[in-house]
Amino acid sequence: MKDTLILGIESSCDETAAAVVKNGREVLSNVINTQIELHKKFGGVVPEVASRRHIETIDAVIDEALDEANVTFDDIDAIAVTYGPGLVGALLVGVSTAKALAYALNKPLVAVHHIKGHIMANFVAHHDLKPPFVCLVASGGHSHIVYAEDYTHYEIMGRTRDDAAGEAFDKIARVLGLGYPGGPLIDKLAKDGNPDAVKFPRVRLDRNSLDFSFSGVKTAVINYLHKKDQNGETYNKADIAASFQDAVTDVLCEHTIEAARMRDSKIIAIAGGVAANSALRAKMTDRAKEFGIDVIYPPPVLCTDNAVMIACAGYYEYMAGTRADLTLNAVPSLKL
């Protein structure tokens with residue numbers, strides 16, 4: 001059987017990425033041009049700045065991905081690209097580039113949902129993984145509990161009603177003066193803190209709902225710090241980081257494990273930038289074990305935005321016969 005090579009393109013936020021993946025799971029190249037240093041001085045991603053940097057780097061990133069994979073455009077069977085959700089200007093750079101390549105090379109174009117891509121990172125990391133299973137997708141822009149019915153069909157079982165988990169991490173890191181991006185910095189600092197120092201709220205919207213809400217815990221931490229500052233009282237930043245992280249990971253674990261038990265899933269996958277959090281990985285693994293559920297996750301390089309996951313998702317959509325035409329547009333608020 002002939003091998004199928006997919007060129008994946010990802011530009012939904014602040015990573016310009018391209019990758020070549022063989023048969024959906026074998027990574028031939030993975031090139032990521034990150035903009036973290038560019039946005040650090042702003043304390044977060046500036047959409048217009050991100051879009052301009054994507055334009056400047058995307059051609060070179062694609063060329064590097066082909067060189068690293070030791071292939072040419074002639075070897076590529078299809079081009080997969082993220083078309084949403086994400087920052088509209090950033091998405092348009094990737095979508096426009098992918099459409100131009102598909103047209104010029106007469107190659108099939110496959111549109112990929114960003115959240116599906118994150119889930120797919122687990123297929124690349126765990127070659128024996130097969131649906132169905134439950135997946136927690138937690139990042140700076142998303143907090144979803146998804147039931148993966150098969151390789152192309154997904155059911156959302158829970159989602160955030162307000163802030164994403166990663167956004168909350170970034171905000172609290174900024175308030176604590178740690179810098180950007182906040183997730184890894186909170187994770188590192190929390191290792192030196194006491195998670196029981198402050199009891200921050202764990203929100204359960206409704207007993208019948210698996211949805212998340214992280215605006216409350218974020219506000220609670222900010223109010224706690226403001227009160228300490230106003231009263232001239234000192235506090236331990238590591239304790240605050242550990243207590244905040246404990247509250248967020250408690251809720252993520254509780255809802256995800258409940259979802260897995262509802263679907264009788266013996267596997268929980270974690271994906272997205274927050275999936276790299278060491279406390280979340282350890283807590284989810286320990287708590288799921290009580291119910292005979294295994295927990296898997298990708299390596300850190302496949303947790304943050306990358307094109308490997310887009311190429312993987314694109315492969316399964318391509319094999320299912322899914323095609324996009326040249327009217328494809330960016331959809332910043334794309335639903336799953």
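The values are calculated or read from the model by the stated rules, or taken from the named source; none is laboratory data. Here the structure is a predicted model, which means the values were calculated and not measured. Neighbour counts run over all protein chains shown; Cβ positions are idealised from the backbone, glycine included.
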* To do: Find the residue count for the range 280-321, including only residues that are assigned to a loop (DSSP other than H, G, I, E, B) and crowded, with 16+ Cβ neighbours inside 10 Å.
  => 8
* From the list G43, G24, G8, pick out the single residue that is assigned to a loop (DSSP other than H, G, I, E, B), of a type outside the set (A, V, I, L, M, F, W, C), in contact (Cβ under 8 Å) with a residue 60 or more places away in the chain and surrounded by 19 or more Cβ atoms within 10 Å (Cβ to Cβ). => G24
* Residue check, G43 against (1) within 18 Å of the chain's Cα centre (by Cα); (2) on the phi > 0 side of the Ramachandran plot, all met but one. Which one? -> (1)
* Asked: Do we find a residue being closer than 16 Å to I310 by Cβ and touching a residue at least 60 places away in the same chain (Cβ under 8 Å) anywhere in the range 48-62?
  -> no
* Flag for F73 being of a type in the set (F, W, Y) and modelled with pLDDT under 95 -> no
* To do: Answer yes or no: is there a residue in the range 146-155 that is buried (at least 21 other Cβ atoms within 10 Å of the Cβ) and within 16 Å of T249 (Cα to Cα).
  => no
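Among strands (runs of 3 or more DSSP E) lying entirely in the range 63-181, which contain 3 or more residues that are in the same structural domain as E10 (by TED's automatic domain parsing) and under 18 Å from the mean Cα position of the chain (by Cα)?
Numbers: elements: 78-84, 109-113, 133-138, 143-148, 154-159.
Filter on the range 63-181 gives 78-84, 109-113.
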